[in-house]
Amino acid sequence: RFRAKDEGFDEAILMNTKALIAEGATSNIFLVKRNIIITPPLESGILPGITREVIIGIAGRLRLKLRERSVSYRELLSSNEVFLTNSLVEILPVAKVDSKRIGDGYPGPITKLLHISYQKEVIKEVT
């Protein structure tokens, strides 16, 4: 994580022992390809993030297609959208991975929809 910061990145993306995408150093990772949300499964060695579980629930309620499955580095780079989740940042859109721009380099429509829906969920819980 410190190396990523030193190189100008906000987060480090970690791979598991099978060279598959696992999670961020302090976050869970999601990607969107062809309007399907994909996140590595718990079996890939990730921590079960609270925000991750909320996002999975929101996606279900919005009837968005979501798959928990293994993700290769190549697939991550060819995604239309990528975002990270944790309790502090909520949903953090990813514009670039290494030097490769993700999508058009801006938060995508599914990321925006999930972020707004997550904020509404938080407001509902605290009021």
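The values are calculated or read from the model by the stated rules, or taken from the named source; none is laboratory data. These numbers were taken from a predicted model, which means no experiment stands behind them. All Cβ positions, glycine included, derive from the backbone under ideal geometry; neighbour counts span all protein chains shown. Ligands, DNA and RNA are excluded from the accessible area calculation, which covers all protein heavy atoms including side chains. Shrake-Rupley method; radii C 1.70, N 1.55, O 1.52, S 1.80 Å.
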TODO: Work from the charge dipole of the chain (Cβ charges, +1 for Lys and Arg, -1 for Asp and Glu, about the Cα centre) and give the residue of 30, 116, 64 farthest towards its positive end.
DONE: 64
- [ ] Find how much the distance from residue 33 to residue 18 grows on full extension, using 0.36 nm per residue of separation minus their present alpha carbon separation; answer in nm with one decimal.
- [x] 3.2 nm
Task: Net +/- balance of residues flanking residue 121 in space, Cβ distance below 11 Å, scoring K and R +1, D and E -1 - done: +1
Open item on the list: Using only the alpha-carbon atoms, how far is helix 109-126 inclined from the longest principal axis of the chain? Give it as 0 to 90 degrees, nearest 10.
Closed with: 50 degrees
Task: Accessible area (Å², 1.4 Å probe, nearest 10) - residue 126 - done: 110 Å²
TODO: First compute the accessible area of the chain with a 1.4 Å probe, then give the percent of it belonging to carbon and sulfur atoms.
DONE: 55 percent
- [ ] Using 0.36 nm per residue of separation minus the Cα-Cα distance, give me the extension gain between residue 50 and residue 120 in nm, one decimal.
- [x] 23.6 nm
Open item on the list: On C-alpha positions alone, give me the angle between the axis of helix 50-61 and the longest principal axis of the chain, in degrees, nearest 10.
Closed with: 60 degrees
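Treating the beta-carbon of each Lys and Arg as +1 and of each Asp and Glu as -1, no other charges, what is the dipole magnitude of the chain about its Cα centre, to the nearest 20 debye?
My answer is approximately 440 debye.
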- [ ] Post the alpha-carbon centroid distance, region 26-52 to region 65-127, in whole angstrom.
- [x] 9 Å
TODO: Could you grab the relative contact order for the chain? Cα pairs under 8 Å, six or more apart, rounded to a whole percent.
DONE: 21 percent
Task: Listed residues 90, 81, 68 arranged by accessible area, highest first, probe 1.4 Å - done: 68, 90, 81
- [ ] State, in angstrom, two size descriptors of the chain derived from its alpha carbons: Rg to one decimal place and Dmax to the nearest whole number.
- [x] 13.8, 44
TODO: Rounded to the nearest 0.05, what FRET efficiency do residue 42 and residue 72 give with R0 = 30 Å and r taken as the Cβ-Cβ distance? Could you check?
DONE: 0.95
Task: Largest to smallest accessible area among 62, 76, 47 [probe 1.4 Å] - done: 47, 62, 76
